[in-house]
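K.L.:
Next up is a structure, given as structure tokens.
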Amino acid sequence: MTDHVIIIGASHTASQACVSLRQGGWSGDITIIGDETFPPYHRPPLSKDFLLGNRSIEDILIRPIESYTEAGITLRLGMRVAKINRPDKTITLENGESLNYSKLIIATGARIRPLPIQGAELENVFYLRDSADVDAIKAKSQSGKNVVVIGGGYIGLETAASLRKIGLNVTILEAMDRILQRVTSPELSDFFRRVHSEEGTDIFESTMASKITQDSEQLIVHTKCDKTFAADFVVIGIGVIPNTELASAAGLDVSNGIHINEYCQTNDPDIYAAGDVSWHYNPIYKRHIRLESVPNTTEQAKVSANHINGKSLAHSALPWFWSDQYDVKLQIAGLNTGYTDIIARGDLKTGREFALFYFNGTALLAVDAVNSPQSFMMGKMTLTKGKTLDKTLLADLDAPLKSALKDL
């Protein structure tokens, strides 16, 4: 039997894993199976440049389609895997076709979390997860002027910013007490609330949608606090759910994602998992996490490929993220969970350039850098290399940022 790596899922993980496999010496077959009809493309631009119409699907492809052919990689697009058969090391496609594998990488990612209310299935109610979703939103935005975005997380805020940029009237409804409540501090929530308000977006917090109804040509979003909001269309962005069903049915260990070790192996040594679907231990924070992050996906793809090629390089990368909204670039290094205090450098109240450094006692946990790449790089380097920052010097805005770094 020819050595064969099959990658289930055709996004960032697949694109990086197949390249890393070839670069590492894999000479066997490689097949990528994806349910969309496009080869792997960059996901972050979907809520930004792609939604704005500044870039086409061809512009956001991770690699030209020809590069897969040249590398001897088979793309099976527009297909779904129905079953993983571990005893005979095969997968079964929904069309009944069976493929043998010697190694398998599960990169099934995550799907949108549906909003469980009446009317969420109505025409002109959209989610935003793939290019088809964005194409539908773009088409409606040509005729619609008023939009309600349900969900004040990063995807909701990025979508709102893009729709506002093209001139739509945007209202954001957030069920929790503040936008971004699940992922960041009150200080950063306050900043983004101010920015969106300055840009003309209306934000309603502690406002939970209860149903959506149709009224002539408009949709009406009803809320549990008896407010109603009229819209030409609605965009829902309330999070995602990891696609673990295939793995679970195959008897792999699953909880909040597919359990993997430091080499991205599941409890079956011939099956790996990487990306948004993986539940892994992070040695920097000493706990298990699941990350929805392109950098994490890329690193895990490399680790998987290296291990398949016989190189045991453990995954230990620092989590980092970014978000673009209007003229604001937020770069996040690390995870701020468990912080006891924050040191701010810059003007949070009126400006759009600052950094928040999160500490647990004397230990730096994370940095939120807003239009401040130097602070982001400083935080990333400090966390990656296990260094510390002098909190007194960091809080002194007259002191150069670099002076706060100990053990230079």
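The values are calculated or read from the model by the stated rules, or taken from the named source; none is laboratory data. Given the structure is predicted, the values throughout are model-derived calculations rather than measurements. All Cβ positions, glycine included, derive from the backbone under ideal geometry; neighbour counts span all protein chains shown. Heads up: the accessible areas ignore ligands, DNA and RNA and are worked out on the full protein's heavy atoms, side chains in. Shrake-Rupley method; radii C 1.70, N 1.55, O 1.52, S 1.80 Å.
K.L.:
Can you find even one residue in the range 60-76 that is farther than 26 Å from Ile308 by Cα, among the hydrophobic types (A, V, I, L, M, F, W, C) and surrounded by 14 or more Cβ atoms within 10 Å (Cβ to Cβ)?
P.N.:
Within the range 60-76, one or more residues are farther than 26 Å from Ile308 by Cα, among the hydrophobic types (A, V, I, L, M, F, W, C) and surrounded by 14 or more Cβ atoms within 10 Å (Cβ to Cβ).
K.L.:
Within the range 18-30, is there a residue that is part of a loop (DSSP other than H, G, I, E, B), touching a residue at least 24 places away in the same chain (Cβ under 8 Å) and surrounded by 17 or more Cβ atoms within 10 Å (Cβ to Cβ)?
P.N.:
Yes, the range 18-30 contains a residue that is part of a loop (DSSP other than H, G, I, E, B), touching a residue at least 24 places away in the same chain (Cβ under 8 Å) and surrounded by 17 or more Cβ atoms within 10 Å (Cβ to Cβ).
K.L.:
Something else: So Ile308 fits all but one of (1) within 21 Å of Lys103 (Cβ to Cβ); (2) among the hydrophobic types (A, V, I, L, M, F, W, C); (3) out of contact with any helix residue (DSSP H, G or I) (no Cβ under 8 Å at 6 or more places or on another chain); what number is the exception?
P.N.:
(3)
K.L.:
Please name all residue pairs, on different chains or six or more residues apart, with Cβ atoms under 6 Å, provided the first residue is in the range 292-321 and is under 18 Å from Ile30 (Cα atoms) and the second residue is in a loop (DSSP other than H, G, I, E, B) and modelled with pLDDT under 95.
P.N.:
So the pair list comes out as Gln300/His315; Val303/His315; Asn306/Leu313.
K.L.:
Of the residues Thr382, Thr392, which single one is open to solvent by less than 70 Å² (accessible area, probe 1.4 Å) and either hydroxyl-bearing (Ser, Thr, Tyr) or not in a strand (DSSP E or B) (or both)?
P.N.:
Exactly one residue qualifies, and that residue is Thr382.
K.L.:
If you don't mind, another one. Which condition from (1) assigned to a loop (DSSP other than H, G, I, E, B); (2) farther than 25 Å from Ile84 by Cα; (3) under 20 Å from the mean Cα position of the chain (by Cα) is the one that Trp322 breaks?
P.N.:
Among (1) assigned to a loop (DSSP other than H, G, I, E, B); (2) farther than 25 Å from Ile84 by Cα; (3) under 20 Å from the mean Cα position of the chain (by Cα), the lone unmet condition for Trp322 is (1).
K.L.:
Only one of these is open to solvent by less than 20 Å² (accessible area, probe 1.4 Å) and small (Gly, Ala, Ser): Ser278, Ser248. Name it.
P.N.:
Ser278
K.L.:
While we're looking at this one, here's another question. Of all helices (runs of 4 or more DSSP H) completely enclosed by the range 48-148, which ones contain at least 2 residues that are touching a helix residue (DSSP H, G or I) at 6+ places or on another chain (Cβ under 7 Å)?
P.N.:
Ranges flagged: 49-52, 131-141.
K.L.:
Counting only residues that are over 18 Å from the mean Cα position of the chain (by Cα) and touching a residue at least 24 places away in the same chain (Cβ under 8 Å), how many does the range 266-282 have?
P.N.:
Matching residues across the range 266-282 total 5.
K.L.:
In the set Leu318, Leu335, Leu356, which member is in contact with a Phe, Trp or Tyr (Cβ under 7 Å, 6 or more places away or on another chain), open to solvent by less than 40 Å² (accessible area, probe 1.4 Å) and closer than 26 Å to Leu180 by Cα?
P.N.:
Going through Leu318, Leu335, Leu356 in turn, just one is in contact with a Phe, Trp or Tyr (Cβ under 7 Å, 6 or more places away or on another chain), open to solvent by less than 40 Å² (accessible area, probe 1.4 Å) and closer than 26 Å to Leu180 by Cα: Leu335.
K.L.:
In the range 281-304, how many are in contact with a Cys (Cβ under 8 Å, 6 or more places away or on another chain) and either more than 24 Å from Leu330 (Cβ to Cβ) or surrounded by fewer than 18 Cβ atoms within 10 Å (Cβ to Cβ) (or both)?
P.N.:
Of the residues in the range 281-304, 2 are in contact with a Cys (Cβ under 8 Å, 6 or more places away or on another chain) and either more than 24 Å from Leu330 (Cβ to Cβ) or surrounded by fewer than 18 Cβ atoms within 10 Å (Cβ to Cβ) (or both).
K.L.:
Give the residue that is farthest from the chain's Cα centre (by Cα), with candidates limited to residues of the range 26-49 that are among the aromatic types (Phe, Trp, Tyr) and under 15 Å from His12 (Cβ atoms).
P.N.:
Restricting to residues being among the aromatic types (Phe, Trp, Tyr) and under 15 Å from His12 (Cβ atoms), the top hit is Phe38.
K.L.:
Okay, next question. If you go through the range 235-265 one residue at a time, how many are under 21 Å from the mean Cα position of the chain (by Cα), assigned to a loop (DSSP other than H, G, I, E, B), of a type in the set (A, V, I, L, M, F, W, C) and more than 21 Å from Ser316 (Cβ to Cβ)?
P.N.:
Qualifying residue count, the range 235-265: 1.
K.L.:
Turning to a different aspect of this structure: Only residues in the range 196-223 that are part of a loop (DSSP other than H, G, I, E, B) count as the first member; pair them with residues that are open to solvent by 70 Å² or more (accessible area, probe 1.4 Å) and at pLDDT 95 or above, Cβ under 9 angstrom, at least 6 apart or cross-chain, and list the lot.
P.N.:
Sorted first by the residue in the range 196-223, then by its partner, the pairs are Glu199/Lys165; Gly200/Asn169; Thr201/Asn169; Glu205/Asp177; Ser206/Asp177; Thr207/Lys224; Thr207/Lys227; Met208/Lys224.
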